[in-house]
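Taking it in order: structure first as structure tokens, then the write-up.
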């Protein structure tokens, strides 16, 4: 999947349509069983703007970056399930805020 550029979670300007979000730490890495990654969350959303607002409100102090898919995704939920499965296979656990 081709993602757009990263932006600060609290200031993200994403489209209001459906898609896939990727959230990572701005600094530092989370330790997973088979390595380290800055990735903390993947989400499928019917409205990307609303999803980012909800994540930001739930984690107001988090120094996280967010980005979304560049091209349309026909099934965002299936795409996120695949991304999480690939992440878990590589790092030994699904992404988490750490």
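The values are calculated or read from the model by the stated rules, or taken from the named source; none is laboratory data. Since the structure is predicted, the reported quantities are computational estimates derived from the model, not experimental observations. Here Cβ is always computed from backbone atoms with ideal geometry, including for glycine, and neighbour counts include all displayed protein chains.
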Picked from the range 59-98 (must be more than 17 Å from residue 37 (Cβ to Cβ) and at pLDDT below 95), the residue surrounded by the fewest Cβ atoms within 10 Å (Cβ to Cβ) is 61
Residue 53 passes all but one of the listed conditions (1) surrounded by 13 or more Cβ atoms within 10 Å (Cβ to Cβ); (2) modelled with pLDDT under 95; (3) touching a strand residue (DSSP E or B) at 6+ places or on another chain (Cβ under 9 Å); the exception is number (3)
Contact list, first residue from the range 21-50 and at positive phi and surrounded by fewer than 17 Cβ atoms within 10 Å (Cβ to Cβ), second anywhere and at pLDDT 95 or above and not in a strand (DSSP E or B), beta-carbon distance below 8 Å, six or more apart or interchain, is 28/38; 35/90; 35/91; 35/92
Of 38, 8, 43, the only residue that is in contact with a strand residue (DSSP E or B) (Cβ under 8 Å, 6 or more places away or on another chain) and at pLDDT below 95 is 8
